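Some notes on the structure that comes next.
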Amino acid sequence: MTRLHQPKPSNSPDPLLEGAPAVNRTPLDETTFQRMIAIERKRTERSKAPFVLMLLEAVSDRGQKGSSVTLRRIASALLASSRDTDLVGWYKDDAIVGTIFTGLIVNDKRAVLDTFLAKVSATLQEELTADEFNQVRISFHLFPDDWDHEKPGRPTNAALYPDLVSDDKGRRTVLIVKRVLDIAGSTTMLILFAPIFLVIALAIKLTSRGPVFYRQQRVGRYGQTFTFLKFRSMFANNDTSVHKEFVTRLIASKPGEAKQSKSGSSVYKLTDDKRITRVGRILRRTSLDELPQFINVLKGDMSLVGPRPPIPYELAAYQTWHRQRLLAVKPGITGLWQVMGRSSIRFDEMVRLDLRYASTWTPWLDLKILLRTPGAVIKGTGAY
């Protein structure tokens, strides 16, 4: 957050903070305001028109929270100076005031935010004393937010997703159950498949140069990157440009992304990849190359069931709505996509299946998907 200061005059376009005074408007309560943030995210995903979330809190020089009376006066001042289409409410009751500015055209992000700061500063200086004004801190959060996949950590702006945090608190018990199932399931599978691990490792080392495990940066929940494990099925030091070009076209649904399988059906995956070794083809056909991901599940990077974690350059090609698949649940080894068609499903449909799972998942649904997964693996449809 940034402490408010006396702004310099700005020649930037007016972001429409000024408008007709509101009549009988009151700040939205915390639950309603946070729900409106989620609604505006969905609206932006469809319309492509960004919005800005502004948050204000009063903090003393000693770091103590400011008076709720001061914050109520701030909320009233914002209501009086904002448009009817903007939303003013409590981001956190009696602690943080928020405003959602909608319907914006943002050509220069820095210029727009500087103008917002200038307008808000002028409004609050008229309402507050000098001491009160100096204790106000403000932050701006633009949606769509930047997901910088080149940097480690969580690149998403958590302030824009308060509903997800609330959802996690509300379903803490089932999340604990899911984690217990993940630990029990991954531990059991690692023990049962230990002999097969040794056989596969030996086969990889005897047939091609390079490490047994393939380590790759993948993107998990909230954009958190982690080291993804697989048995190496490709020759070492191969060129990733072929795959990058293919998945970029696949995500964009451009012509030519579908291949034809031997049965004549469409397959949305590279089917004749020269980078794959002979042993690698067997591993991929049987999905045995995925076994090391039980280590990722045990560590907590993944779950047994969930969306597949994308590679950073795949995330860079996502449309804004595609990102939803990385927000509600952890990525998984298997999921609805894998048991309902795998590579025979278009990317957009795969995302919709992931979103359906995220909005309806229960431990029972996880169990049903896990029970269907062996059949999908044995059938081998869409595995290449």
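The values are calculated or read from the model by the stated rules, or taken from the named source; none is laboratory data. Keep in mind that what you see is a predicted model, and the values were worked out from it rather than measured. Using ideal geometry, Cβ is built from the backbone for each residue, glycine included, and neighbour counts are taken over all protein chains shown.
Numbers at a glance
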read-out	value
Which numbered condition D145 misses (of (1) buried (at least 19 other Cβ atoms within 10 Å of the Cβ); (2) without any contact (Cβ under 8 Å) to a residue 60 or more places away in the chain; (3) touching a His at 6+ places or on another chain (Cβ under 8 Å))	(3)
Cross-chain or 6+ apart pairs with Cβ under 7 Å, segment 24-47 first and surrounded by 18 or more Cβ atoms within 10 Å (Cβ to Cβ), then among the small types (G, A, S)	P27/A75; P27/G89; L28/G89; F33/G89; F33/G98; Q34/S166
Residue identified as at positive phi and out of contact with any Pro (no Cβ under 9 Å at 6 or more places or on another chain) among G185, G223, G210, G170	G210
For V97: the one exception among (1) closer than 17 Å to T32 by Cβ; (2) of a type in the set (V, I, T); (3) part of a helix (DSSP H, G or I)	(3)
Candidate set: segment 332-349, residues that are at pLDDT 90 or above and either hydrophobic (A, V, I, L, M, F, W, C) or in contact with a helix residue (DSSP H, G or I) (Cβ under 7 Å, 6 or more places away or on another chain) (or both); chosen: the one surrounded by the fewest Cβ atoms within 10 Å (Cβ to Cβ)	T334
Matching residues in segment 218-246 - criterion: being more than 17 Å from the chain's Cα centre (by Cα) and part of a loop (DSSP other than H, G, I, E, B)	R232, S233, F235, A236, N237, N238, D239, T240
D354, sole failed condition from (1) modelled with pLDDT of 85 or more; (2) surrounded by fewer than 17 Cβ atoms within 10 Å (Cβ to Cβ); (3) of a type in the set (D, E)	(2)
Test: residue in segment 130-150 that is more than 29 Å from F33 (Cβ to Cβ) and either under 21 Å from the mean Cα position of the chain (by Cα) or in the same structural domain as L283 (by TED's automatic domain parsing) (or both)	yes
Residues of segment 322-351 that turn out to be touching a residue at least 60 places away in the same chain (Cβ under 8 Å), hydrophobic (A, V, I, L, M, F, W, C) and farther than 25 Å from S241 by Cα, as a count	3
Top-ranked residue in segment 98-126 [being buried (at least 20 other Cβ atoms within 10 Å of the Cβ) and among the polar types (S, T, N, Q); ranked as farthest from T26 (Cα to Cα)]	T115
